[in-house]
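To keep things clear, I will list the structure first and then write my remarks on it.
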Amino acid sequence: MFNSIDKIASWAKAEGFIYPSSEIYGKFAGVYDYGFYGTLLKNNLQNAWVKSVVQKNSDIVLIDSAIFMHPTTWKASGHIDCFDDPQIDCKKCKARHRADILLETYGINADKLPISEINQIITELKAKGTVFKCPLCGSTDLTPAKRFSLMVKSNLGSPTDALTEENVVYLRAETCQGIYLNFKNVLDSTRLKPPFGIAQIGKAFRNEIIARQFVFRTREFEQMEMQYFCHPDLVAKKYAEWKNARIEWYQEYGISPEKLRFYKHIKLAHYASEAYDIEYQFYCLGNEFKEIEGLHARGDWDLSQHSKFSGANLTYLDPKTNERYTPNVVESSVGLNRILLAFLDNAHTTETLENGQTRDVLKLDYRLSPIKVAVFPLLKNKPDLVAKAQEVYSIVAENFMSEFDDNGNIGKRYRRQDEIGTPFCVTVDFDTLGESNAELKDTVTIRNRDTMQQERVSIEKLKEYIQNSI
Ligand SMILES: [Zn+2]
């Protein structure tokens, strides 16, 4: 287990899961790249989510909307007017701080407070004699808090055009807006009628003042969102169902119930009727519970706003009751990078073995493990063994993400696979070649990551054996 975010970050880099972006140029703050194992783990998490949310629910479909959207989308959603963080600059060292985080160090919770209230709190703090200073240089010469928009701006069209309000485009700040804008398309082009849901996985961008805590908060990130559209009378029932289903999903994939909890939002947006976060207790973040998913009952706010700004009719006429209404939304919003961090934090274990040595094991659920099978020839310098092992590799690689490794001794190769969470290691030895015992010809040893037990399995049965275990 990693008792700090820096430790998990350096482990993730060394093991090929996550690299800092643009490292050869001295890194690009708040942005990360995923290596081979990180990419595979991310794909497996996406697949597990799609299976649970889409595949098992006949009333939910998947879409993939574009990152660029009509700029009015963000006017309608409220992002242009009020999607911002309070910013305070240090006039001496030029450091940029988030006012609410700064106030946290004075024991004040200023989360989501308006700028005027934040400045009021700071004035009162100073009046009481508290030294309100820059945490980096200690200077008290700070600007008042001001709005800092989280929207990432760009422009399309002629690159020589100034960045004016006419040609500005935003990189989407959340994927759900693409779902709202396609509500009518899905309704018109599929057999679905409310209640139904639309799910989407994709990138979103936020100009965080301070991106920190590794992939927990980044400027470019991925969301897995599901918006469920239903009659207002159905909201409470559907909300309760989704709330249950979502927390159970984490448990199904190996996170123990004690490390998960719901956090109820007391202050709700004016249109919302319920808002809970699912929080995970991050060992690498000082054992603090932190948000990994949001569950929101959003009323008819989203469709009503887009209807108002676009002029499109986003109501639904129920043919049975003849009632026309704007469907209400129950939302599940998962931060993919955050849950990836949570699953790594949860899975990394250091075990003490009987002989007193330790081993690091990434105890991921087998379905999430980046590599399912590693294939080794017992010795590197025996061409017969290597050729046979390559043959076995091509058989298993047909069905599972696999790795071939002939570096170092067997013990080292096992440890390497344990560290990245590979459930099975297959070794091709002299018995496989049938050299001493004809009965063992075309059998291999298969070693389990968690029990470290080895079994002898015929190459023919290998696929079935692994399939049944995963
Ligand atoms: Zn400073």
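The values are calculated or read from the model by the stated rules, or taken from the named source; none is laboratory data. Being a predicted model, the structure only gives us computed values, none of them experimental. When we count neighbours, we look across all protein chains shown, and the Cβ atoms used for this are built from the backbone with ideal geometry, even at glycine. We work out accessible area using only protein heavy atoms, side chains counted, and drop any ligands, DNA or RNA first. Shrake-Rupley method; radii C 1.70, N 1.55, O 1.52, S 1.80 Å.
Answer rounded, prolate or oblate for the stretch 84-149, using the Cα gyration tensor with square roots of eigenvalues a ≥ b ≥ c: rounded when a/c is under 1.5, else prolate when a/b is larger than b/c, else oblate. It comes out oblate by the Cα gyration axes. Electrostatic bookkeeping for residue 213 treats Lys and Arg as +1 and Asp and Glu as -1; over the other residues with beta carbon under 11 Å from its beta carbon, the sum is +1.
Taking the charge dipole of the stretch 371-469 about its Cα centre, with +1 at Lys and Arg Cβ atoms and -1 at Asp and Glu Cβ atoms, the residue from 410, 420, 395 reaching farthest to the positive side is 420. Among beta bridges identified by DSSP and lying wholly in the chain, the antiparallel ones come to about 85 percent.
Other residues with beta-carbon under 14 Å from the beta-carbon of residue 58 carry, at +1 per Lys or Arg and -1 per Asp or Glu, a net charge of +3. Spin-label pair residue 168-residue 448: with each label point 7 Å from Cα along the Cα-Cβ axis, the two points sit 5.9 nm from one another.
Find the centroid of the Cα atoms in the stretch 232-283 and in the stretch 307-379, then give the distance between the two in whole Å. For the stretch 232-283 versus the stretch 307-379, the Cα centre distance is 14 Å.
Charge dipole of the stretch 1-146 (Cα centre as origin; +1 on each Lys and Arg Cβ, -1 on each Asp and Glu Cβ, all else neutral): 320 debye, rounded to the nearest 20. For the chain, the 222 nm mean residue ellipticity estimated from helices alone, with every DSSP H stretch of n ≥ 4 adding -39500 (n - 2.57) and the total spread over all residues, rounds to -8500 deg cm²/dmol.
Annotation: amide H-H contacts under 5 Å for residue 155 (H modelled 1.01 Å from N, sequence separation of 5 or more, or interchain): 169. To the nearest 10, the accessible area of residue 116 is 80 Å² with a 1.4 Å probe.
Across the stretch 428-445, computed HN-Hα scalar couplings (Karplus, 6.51 cos²θ - 1.76 cosθ + 1.60, θ = phi - 60°) run 9, 10, 5, 5, 4, 7, x, 6, 10, 9, 4, 5, 8, 4, 6, 10, 10, 8 Hz from first to last residue, x flagging Gly and Pro. A DSSP coil position with no more than 14 other Cβ atoms inside 10 Å describes the following chymotrypsin sites (Phe, Trp or Tyr not before Pro) in the stretch 34-116: 106. What longest range of the chain stays clear of loop-exposed trypsin sites (Lys or Arg not before Pro) (DSSP non-H/G/I/E/B, at most 10 other C-beta within 10 angstrom)? No qualifying site falls inside 321-470, the longest such stretch. What the phi angles of the stretch 300-309 give under the Karplus curve with 6.51, -1.76 and 1.60, with θ = phi - 60°, is a coupling list of 9, 3, 5, 5, 5, 4, 5, 5, 5, 7 Hz, glycine and proline written as x.
A simple charge model with +1 on the Cβ of Lys and Arg, -1 on the Cβ of Asp and Glu and nothing else charged puts the dipole of the stretch 84-149 at about 300 debye relative to its Cα centre. In the full protein context, the stretch 259-325 carries 54 Å² of accessible surface per residue, based on a 1.4 Å probe and ignoring ligands, DNA and RNA.
The phi-based Karplus calculation (6.51 cos²θ - 1.76 cosθ + 1.60; θ = phi - 60°) puts the 3J(HN,Hα) values of the stretch 128-138 at 7, x, 6, 7, 8, 9, 5, x, 8, 10, x Hz, whole numbers, x for Gly and Pro. Charges were assigned to the Cβ only: +1 to each Lys and Arg, -1 to each Asp and Glu. The resulting dipole of the chain about its Cα centre is roughly 1000 debye.
Would you list, by chain and number, the aspartates and glutamates whose Cα falls below 20 Å from the Cα of residue 7, excluding same-chain residues fewer than 8 positions away? Here the aspartates and glutamates satisfying the reach criterion relative to residue 7 are 15, 23, 33, 288, 345, 351, 360, 418, 419. Is there a pair in 13/372; 42/461; 92/112 whose C-alpha atoms are over 24 Å apart, and which pairs would that be? Over 24 Å Cα-Cα: 42/461; 92/112.
Ranking 444, 381, 433 by how far each Cα lies toward the positive end of the dipole of the stretch 371-469 (charges on Cβ) leaves 381 at the top. Taking a straight Cα-Cα cut-off under 16 Å and skipping sequence neighbours fewer than 8 places away in the same chain, the lysines within cross-link reach of residue 290 are 259, 264.
Once the dipole of the stretch 84-149 is set up with Lys and Arg at +1 and Asp and Glu at -1 on Cβ about the Cα centre, which of 137, 110, 86 lies farthest towards its positive end? The residue sitting farthest along the positive end of the dipole is 137.
Accessible area per residue (1.4 Å probe, heavy atoms of protein chains only) ranks 384, 360, 345 as 384, 360, 345, with the largest value leading.
Taking only protein heavy atoms and a 1.4 Å probe, the accessible area of the chain is 50% carbon and sulfur.
For the stretch 300-362, the relative contact order comes to 20 percent (Cα pairs under 8 Å, sequence separation of at least 6). The amide H of residue 28, built 1.01 Å from its N in the peptide plane, has 21 as neighbours under 5 Å, considering only residues 5 or more places off or on other chains. A 1.4 Å probe run over the stretch 1-158, with the rest of the protein chains in place, finds 54 Å² accessible per residue.
The longest stretch of the chain left intact once loop-based GluC sites (Glu not before Pro) with at most 14 other Cβ atoms within 10 Å are removed from consideration, loops following DSSP, is 1-164.
Extension gain for residue 268 to residue 7 (0.36 nm times residue separation, less C-alpha to C-alpha distance): 90.4 nm.
Looking at the stretch 359-458 alone, DSSP beta bridges between its own residues are antiparallel in about 55 percent of cases.
With all protein chains kept in place, the per residue accessible area of the stretch 371-469 amounts to 50 square angstrom at a probe of 1.4 angstrom.
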